[in-house]
Amino acid sequence: MDFQEGEILYFDKPLHWTSFKLVKTLRNTLTRTLGVKKLKVGHAGTLDPLASGVMIVCTGKATKLIESFQYQTKEYIATLRLGATTPSFDLETEIDATYPTDHITRARIEEVLLRFVGAIQQVPPSFSACKIGGKRAYHMARKGLDVELKPKELVIDEIELLDFADNTLRIRVVCSKGTYIRALARDIGAALESGAHLTELVRTRVGDATLDRCLSVEEIPTIAAQGIPYVKKEEELKN
């Protein structure tokens with residue numbers, strides 16, 4: 001594998017890892033193994049630390065392709081807890097309010113989910129990487145500051161209800177770039193006249209890259225060992 005010329009790798013990002021940690025781990029292992037000081041490594045689409053799944057990572061000249069990968073359709077399996085909300089819309093923060101759920105039925109959930117299919121407007125979470133006046137929204141939110149973000153248009157191609165029991169529902173979502181599944185959980189809870197937050201999220205596909213084709217982070221040393229070692233050029237040897 002020629003990591004300097006450019007390789008495209010599919011990884012299953014582990015739970016609790018940041019996207020940056022995965023990229024840094026790969027870069028450090030590759031530079032050390034190949035004997036190079038610098039190597040471009042980047043990912044196509046951030047995953048929250050509390051999410052796992054498909055992450056496309058590019059090296060060398062292939063990093064030029066990152067933008068095109070970011071616009072590819074993504075698929076997620078999300079687990080939502082009904083009847084309670086959190087400021088971050090997931091498990092990063094504690095529950096801040098509870099709501100009734102006795103009126104929620106499977107039929108009502110399926111009817112509500114249909115409202116989110118197609119082009120929709122979505123307000124990003126306050127705990128997100130969106131910028132306000134040059135500052136990341138999550139930095140402000142974690143300091144308890146008010147964060148006002150404008151709604152953005154995005155497209156949800158499919159939403160399928162996979163399971164519903166004990167106020168917990170699992171859905172499969174196929175969507176466009178820029179979709180916050182945490183915000184979708186918030187909006188589904190509100191549409192059900194209750195509340196909801198995300199308890200688990202797995203990205204199962206980005207374009208043609210599926211979870212079953214992904215490498216694990218434990219395989220990084222093996223992958224690096226398959227790379228073409230850096231060979232000093234003649235002019236470098238003279239110096």
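E160 versus A191, label points 7 Å from Cα toward the beta carbon: distance in nm?
Between E160 and A191, the simple spin-label model gives 1.8 nm.
Hand me the GluC sites (Glu not before Pro) from segment 14-120 located in a DSSP loop with no more than 15 other Cβ atoms within 10 Å, in residue order please.
Sites meeting the loop and neighbour criteria: E94.
Longest span of the chain, sites excluded, free of trypsin sites (Lys or Arg not before Pro) in DSSP loop with at most 16 other C-beta atoms within 10 Å?
The longest uninterrupted stretch comes out as 41-114.
May I ask you to sort L198, L211, L113 by Cβ crowding, counting other Cβ atoms within 10 Å and putting the fewest first?
Exposure proxy ranking, most exposed first: L211, L113, L198.
Please give me the summed charge of the neighbours of F164: other residues whose Cβ is under 15 Å from its Cβ, Lys and Arg +1, Asp and Glu -1. It would help to have the intermediate numbers written out before the result.
Details: positive: R81, R106, R108, R170, R172; negative: D102, E110, E111, E160, D163, D166, E200.
It works out to a net charge of -2.
List the extent of the Cα atoms of the chain along each of their three principal axes, largest first, rounded to whole Å.
The Cα atoms of the chain stretch 78, 38, 29 Å along their principal axes.
What angle, in degrees between 0 and 90 and rounded to the nearest 10, separates the Cα long axis of helix 181-191 from the longest principal axis of the Cα atoms of the chain?
Helix 181-191 sits roughly 10 degrees off the main axis of the chain.
What order do you get for I56, I66 when you list them from fewest to most C-beta neighbours inside 10 Å?
In increasing order of surrounding Cβ atoms, one gets I66, I56.
Taking θ = phi - 60°, what integer Hz values does the Karplus form 6.51 cos²θ - 1.76 cosθ + 1.60 yield along segment 16-33, in sequence order, with x for Gly and Pro?
Result, rounded to whole Hz: 6, 7, 7, 4, 5, 5, 4, 4, 5, 4, 5, 4, 5, 5, 5, 5, 5, 6.
Tell me, D163, D48, D12 in order of fewest to most beta-carbon neighbours within 10 Å?
In order of increasing Cβ crowding within 10 Å: D163, D12, D48.
Quick note: the coordinates plus some simple rules give every number you see, no bench work behind them. Note that the structure is predicted; figures quoted are calculated from it, not measured. Don't worry about glycine lacking a Cβ; one is built from the backbone with ideal geometry, like all the others, and counts go over all protein chains shown.
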